[in-house]
Amino acid sequence: MADLSRTEVEQIALLARLHLEPAEIEAMGAELGAILAHFATLAAVDTTDVPAMTHATETQTLRADVVEPSLPVEDALSGLPAKARSGDLIVVPSIIPGHES
Amino acid sequence: MSVADPKGLAYWTVADTARRVAAGEVTAEDVVEQTLARITEHDATLGAFLEVDASGARAAARLVDQKRAAGAPIGPLGGVPIALKDNLVTKGLVTTAGSKILAGWVPPYDGAAAERLRAAGAILVGKTNLDEFGMGSSTERSAYKPAKNPWDTSRVPGGSSGGSAAAVAAGLCAASLGTDTGGSIRQPAALCGVVGLKPTYGRVSRWGVIAFASSLDQVGPLARTVADAAALLQVLAGHDPRDATSLTAPVPDYGAALAGGVAGVKVGVPKEYFGPGIDADVRAAIDQVIHQLRDAGAAISEVSLPHTGLALPAYYLVAPAEASSNLARYDGLRYGARADAPDLLQTYMRSRGAGFGPEVKRRIMLGTYALRSGYYDAYYRKAQQVRTLIKRDFDAAFREVDVLLTPTTPAPAFPLGSVSSPLDMYLADVFTLACNLAGLPGLSVPAGFTPAGLPIGAQLLGKPLDEAMLLRVGSAIEGAVGLADRHPEAFA
Amino acid sequence: MSAEQKLSERSVAEMLLDWEPVIGLEVHVQLATSSKAFSPSGTAFGEPPNSLTDPTVLGLPGALPAFNRHALELALRLGVATSSQIRAKSRFARKHYFYPDLPKGYQISQYDEPLCEHGHLDLIVGAELKRVRLQRIHLEEDAGKNLHAGTVSHVDLNRAGVPLVEVVSEPELTSAEEAAEFMRALHRLVRWLDISEADMEKGQLRCDANVSIRMRGEDRLGTRTELKNINSFRFVQHAVEHEIARQLRIIDAGGRIERETRLWDETLGQSAPLRSKEEANDYRYFPDPDLPPVMVDGGMMGGILKTLPELPAVRFARYQKELGLSPDDARLLVSERGLADYFDACVAAHPSQRGARNLANWMLTELLGALNAEGKSITESPMPAPTLSALVVLVENGTISGKIGKEIFEESFRTGEPPLAIVERRGVQQISDEAVLAPVVDKVIAANAKQAKDYQSGKDGLFGFFVGQVMKETQGRANPVVANDLLRKKLGR
């Protein structure tokens, strides 16, 4: 498989919300192309009627509907710096484009 | 044995340490102090640890000693110093998975592995180095520092549990835990000359395992002896309702299996694992093991796993696809590093762009590529179908034999910085991946050394939930090889 | 209403002769579990922000989902009640998008192997039931809440991980009224089965609508728009009505409908295009490797079938067909399970099925009136169903008049004393015995000789006066039918 185009790399990076520097985009196109080429061997395998193995185990285990104490809010928000908190709410950039500071 | 003799203590087995602490021959505090001293002395060279929890270890040791003094049970691992790979969540102790994106993150909860070890009296001495999020085979992809191989510090310890393997090999802890997604316990165990066990998928809880590829990840021990690995598995194994993929099957007595011997055991040697790519020293060592097993009464036969060659491409679709999903939570909004950016989209892009290293980015990109609508069937689904074929190969083989024997890696440890292309690095796991895809247990046990003094590992693969068979055969190999007392000179 | 609006409405009505609206609904229903779908923190409403979390809800590294059995049971109950095909093995899938209220960067949902498919929901339209087919009912987890706060947003994750079912109708609703009826029917059903409290104020029932129009007779669907945020019956009707008109006007002006998502603003009475969340999204669904397939076995289905009550649509039909109730009464009675159950208990306590209409009248006017006045629900009624039934029997068999019956009802409702006991204590039994009433009638006629003469000479209106006098003499206890007969006989007309 040929290198991935710059546009395709950028599209995937946007989907993955991954900022890439120009040099990274360049390298990524070539590396992904090489790795994908390696996958060609899979395409040649006849998998007609072969089920997909999504799980190594398919035994169902269900949880009883029992409430356990919540994480204390200070623990729940312990990963946040003070400026990313407003009381016990998490502060994030505005979800409405154009409303950001 | 005097505690003033750090050399002796450093290489005590898990069972030795536990017995001596329980008998009062040594205090847990002494064990911990000696261990911490060794870490201080050697880890600057090795880079095996990302975080050493001296105060937590001392407090835990005091507790063990107090319990013993009070006549209370101290647990099967009472006073045994153990290190955890840093992708295992530990309450109150920084856990980064080797990534900048989790720099300084202090978990508010304990994972199942930490819980069970603590409950068994083990002393958690620190968190070991790894390739970022477990993605790598050399521990060079750690965002913090590379780890080194104790047998030759110019070489890699393998990965991604390289820190855990190096720490055990160099006597910086009695045993350690790693995680294995495509060989990340067995490959570094082989390269560092220790025992590494990847249990059956679902045998050990994944609660608190920072996910790389959820359908493949499994926690397991790295230890200096097969018996030690068994002792740790005994503590780790068992159902956990918080992990929906955790198995409910009862846990056997693994220690009891060790002395079973191999007389009459049917050992299959899959011919696909002995192709031209394999290093001559590795080949010779495994051949030697085969002879030894035959001499001990095992029935050796050649078997075929025809889809072996497809494991690598299947793995490198399944694992990155799941990883791209598992790593979506690292967005800097609730924990971890948040980039200063003008808007929400850029906050996501910049936090993730700055927080993840190159290999992680590559796999996120690969996984995102493969899961896109219109590509899913051709890539992810196809890989999962091939997974079924690989599983069927094993099912067929295990109708004929009890256990499979292969080299753990095609070659011994390679020099730091010598493998630059991602694809070449992926080849380091070529013999270990299929086991994860099929959800089987796998054990790497030392099989000898190259003339240059680099360890070689033999891999045993077993039927689902038949860890006991692996430990039994592994123990026989360990006895036959007779090198369990050999330790790297620089860390004597 | 302004002149232009009238004009445009007329043109909409005219256009609807040629154009047919096609509406499909996607309704999210919160399942009434105590703990979250995949982890053990609580689901209470109105708790302080971020106080109902756990590692799984927060999407902390290393946290895993484990599915709540009760959520599965509730979803199955809905599947069975809608005659859906239930998959013995369904799967959870991850739906990926980045948003601050979605801690893991994906929502656990179901994709190509949902729990339920091809069911139907029966709507009550007038006296009839209208059957609307359902595409699917699938399980998923709710997201947290984003709150706008000027230049930033605030996130509360209490709601994150709450179990939901998404009920997706086929696109076969044809008016805004029907769309609202669909919501009502689903609301009624999930409350009926204790699947959900479906409190719309609390966001426990939320609706998105896909609306398109096509030329009548055309098979293909037109381009649809998706309306979001229509979370009450009224909003659904308004929003869909508005959207149909909007699309018709665009077509009328020679324009084309754009496929887009629009947000309904009830205060403004209009919708606005929602800026696409980001660029074209690709959710990258794949089976969640953390969650084994959801298996439903015979035992589980048996338990659900055994405990499934008679459904509201079935009762609505039965009340009309077997009990002769009016469609209005039947609809009102099935609007809540408690009402219908109370009514059924009344009917059961009544000696004759023919009493059903009277029972419905008494229950819907007297009992509900009294309960409303005290702010009580039917399940909190101080008067048990057999008591109301006994009272109605007293009226029906003539022991007391309807008027006295209302007084007895009030007292019994207030004090809990049985109606018959009150009647006997107060001595208010109706007098139906002609032998007792005849002397009273004679006395009244004698005392009002002039009026009697006037009546006999044609002043018909005076008849009521005599009835009133008889009632007065008997403190209202005279059976009006008997009294009327006697008066007619004795007055000679």
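The values are calculated or read from the model by the stated rules, or taken from the named source; none is laboratory data. Computed from a prediction, not measured in an experiment: that's the story for all the values here. Here Cβ is always computed from backbone atoms with ideal geometry, including for glycine, and neighbour counts include all displayed protein chains. The accessibility values were calculated without ligands, DNA or RNA, using every heavy atom of the protein model including side chains. Shrake-Rupley method; radii C 1.70, N 1.55, O 1.52, S 1.80 Å.
Straight-line reach from C:LYS443: which lysines have Cα under 18 Å away, leaving out those fewer than 8 places along the same chain? Partners within reach: C:LYS453, C:LYS472, C:LYS489, C:LYS490. Of all aspartates and glutamates in the structure, those lying under 14 Å Cα to Cα from B:LYS85, and not within fewer than 8 positions of it along the same chain, are B:GLU51, B:ASP53, B:ASP110, B:ASP131, B:GLU132, B:ASP180, B:ASP217. Computed in the context of the full set of protein chains, the accessible area of chain B at 1.4 Å probe radius has 53% of its extent on carbon or sulfur.
Across peptide C:290-301, the average count of Cβ atoms from other chains found within 10 Å of a residue's Cβ is 4.
How much of the DSSP bridge set in the protein assembly as shown is antiparallel, in percent, rounded to the nearest 5?
80
Buried area at the A:B interface is about 4800 square angstrom, summed over both chains, from accessible surfaces computed with a 1.4 angstrom probe. For segment A:57-74, a reduction of at least 50 Å² in accessible area between the chain on its own and the assembled protein chains (probe 1.4 Å) is found at A:THR57, A:GLU58, A:GLN60, A:THR61, A:LEU62, A:ARG63, A:ASP65, A:VAL67, A:SER70, A:LEU71. Amide H contacts for B:ALA458 (H built 1.01 Å from N in the peptide plane; partners 5 or more residues away or on another chain; cut-off under 5 Å): B:THR408, B:VAL445, B:ALA447.
Take each peptide in B:457-467, A:38-48, C:461-471, count the other Cβ atoms within 10 Å of every residue, and average; sorted highest first, the result is B:457-467, C:461-471, A:38-48. Residue by residue, segment B:239-249 carries 3J(HN,Hα) couplings of 5, 9, x, 6, 10, 5, 9, 6, 7, 9, 4 Hz when phi is fed to the Karplus relation 6.51 cos²θ - 1.76 cosθ + 1.60 (θ = phi - 60°); x denotes Gly or Pro. If R0 is taken as 22 Å, the Cβ-Cβ distance between C:GLU170 and C:ARG216 corresponds to a FRET efficiency of 0.75. Rounded to the nearest 10 degrees, the inclination of helix C:385-396 to the longest alpha-carbon principal axis of chain C is 30 degrees. In terms of the mean number of neighbouring beta-carbon atoms within 10 Å, the peptides B:422-431, C:365-374, B:396-405 order highest first as B:422-431, B:396-405, C:365-374. When the helices of chain B are scored as -39500 (n - 2.57) per DSSP H run of n ≥ 4 and the total is divided over every residue, the value at 222 nm lands at -12000 deg cm²/dmol. Projecting the Cα positions of C:TRP192, C:PHE233, C:GLY458 onto the charge dipole of chain C (unit charges on Cβ atoms of Lys, Arg, Asp and Glu, taken about the Cα centre) puts C:GLY458 furthest along the positive direction. For segment C:192-208, putting each phi into the Karplus relation 6.51 cos²θ - 1.76 cosθ + 1.60 with θ = phi - 60° gives couplings of 3, 9, 6, 7, 7, 6, 6, 7, 6, 4, 8, x, 7, 9, 10, 10, 10 Hz, in residue order, rounded to whole numbers and with x for Gly and Pro. As a fraction of the 1.4 Å probe accessible area of segment C:434-491, surface on carbon and sulfur atoms comes out at 56 percent. Here the dipole of segment C:434-491 is about 120 debye; that uses its Cα centre as origin and unit charges on the Cβ of Lys and Arg (positive) and Asp and Glu (negative).
Charge tally for C:TRP19 (other residues, Cβ to Cβ under 12 Å; Lys, Arg +1; Asp, Glu -1): -2. Of the residues in segment B:75-108, those shielded by at least 50 Å² of accessible area once partner protein chains are present, compared with the chain alone at a 1.4 Å probe, are B:PRO108. Can you work out the PRE-style zone for C:ASN397? Point 7 Å along Cα to Cβ, and I want the residues of segment C:459-480 with backbone N under 20 Å. Under cut-off, by backbone N: C:477-480.
Distance from the Cα centroid of segment C:176-195 to that of segment C:390-419 is 36 Å (rounded to whole angstrom).
Within segment B:4-131, DSSP assigns beta bridges of which about 45% are antiparallel (rounded to the nearest 5). Split the accessible area of chain A by element, probe 1.4 Å, and carbon with sulfur accounts for 57%. With a simple spin-label model that places each label point 7 Å from the Cα along the Cα-to-Cβ direction, the separation between A:GLU8 and C:LYS321 comes to 6.1 nm.
Sequence gap at least 6, Cα distance under 8 Å: using those rules, report the relative contact order of chain B to the nearest whole percent.
For chain B, the relative contact order is 17 percent.
Database remark: amide H of C:GLY62 closer than 5 angstrom to the amide H of B:ALA211 (H placed geometrically; neighbours at sequence offset of 5 or more, or on other chains; Pro and chain starts carry no H). Peptide C:42-53 has a mean shielding of 4, counted as Cβ atoms of other protein chains within 10 Å of each residue's Cβ. Remark: mean inter-chain Cβ contacts per residue of C:150-163 equal 4, using a 10 Å Cβ-Cβ cutoff to other protein chain atoms. With the whole protein complex present, C:LYS403 retains an accessible surface near 150 Å², based on a 1.4 Å probe. Buried area at the B:C interface is about 2700 square angstrom, summed over both chains, from accessible surfaces computed with a 1.4 angstrom probe. For the pair segment B:23-94 / segment B:148-179, the C-alpha centres are spaced 17 Å from each other.
Identify all aspartates and glutamates with a Cα-Cα distance to C:LYS321 below 14 Å; exclude those on the same chain that are fewer than 8 residues away in sequence. By straight Cα distance, C:LYS321 reaches C:GLU128, C:ASP329.
Taking Cβ atoms as reference points and 9 Å as the exclusive limit, the residues near B:LEU216 contribute a net charge of -3, counting Lys and Arg as +1 and Asp and Glu as -1. Take B:266-277, C:313-324 and order them by the average number of nearby Cβ atoms within 10 Å per residue, most first; the result is C:313-324, B:266-277. Structural descriptor for chain C: relative contact order 13 percent, calculated from alpha carbon pairs under 8 angstrom and at least 6 residues apart. Accessible surface buried at the C:A interface totals approximately 3700 Å², computed with a 1.4 Å probe on protein heavy atoms. Roughly what angle does helix A:22-38 make with the longest principal axis of chain A, taking Cα atoms, 0 to 90 degrees, to the nearest 10? Between helix and principal axis, roughly 50 degrees. Solvent-accessible area per residue in segment B:6-262 equals 25 Å², computed with a 1.4 angstrom probe and all protein chains kept. Between helix C:480-491 and chain C there is an angle of about 30 degrees, using the helix long axis and the longest principal axis of the Cα atoms. Taking +1 at the Cβ of each Lys and Arg and -1 at the Cβ of each Asp and Glu, which of C:THR33, C:PRO351, C:GLY369 sits farthest along the dipole of chain C towards its positive end, judged by Cα position relative to the Cα centre? Final value for the positive-end residue is C:PRO351. In a reduced charge model with +1 at each Lys and Arg Cβ and -1 at each Asp and Glu Cβ, the protein assembly as shown shows a dipole moment near 1780 debye about its Cα centre.
Think of chain A as having a plus end and a minus end, set by charges on the Cβ of Lys, Arg, Asp and Glu; of A:VAL67, A:LEU42, A:LEU4, A:VAL67 sits farthest toward the positive end of this dipole. Annotation: amide H of C:LEU173 within the under-5 Å range of C:ILE23, sequence separation 5 or more or interchain, hydrogens built in the peptide plane. Cross-link pairs exceeding 20 Å in C-alpha to C-alpha distance, out of B:LYS100/B:LYS361; B:LYS148/B:LYS198; C:LYS130/C:LYS202, comprise B:LYS148/B:LYS198; C:LYS130/C:LYS202.
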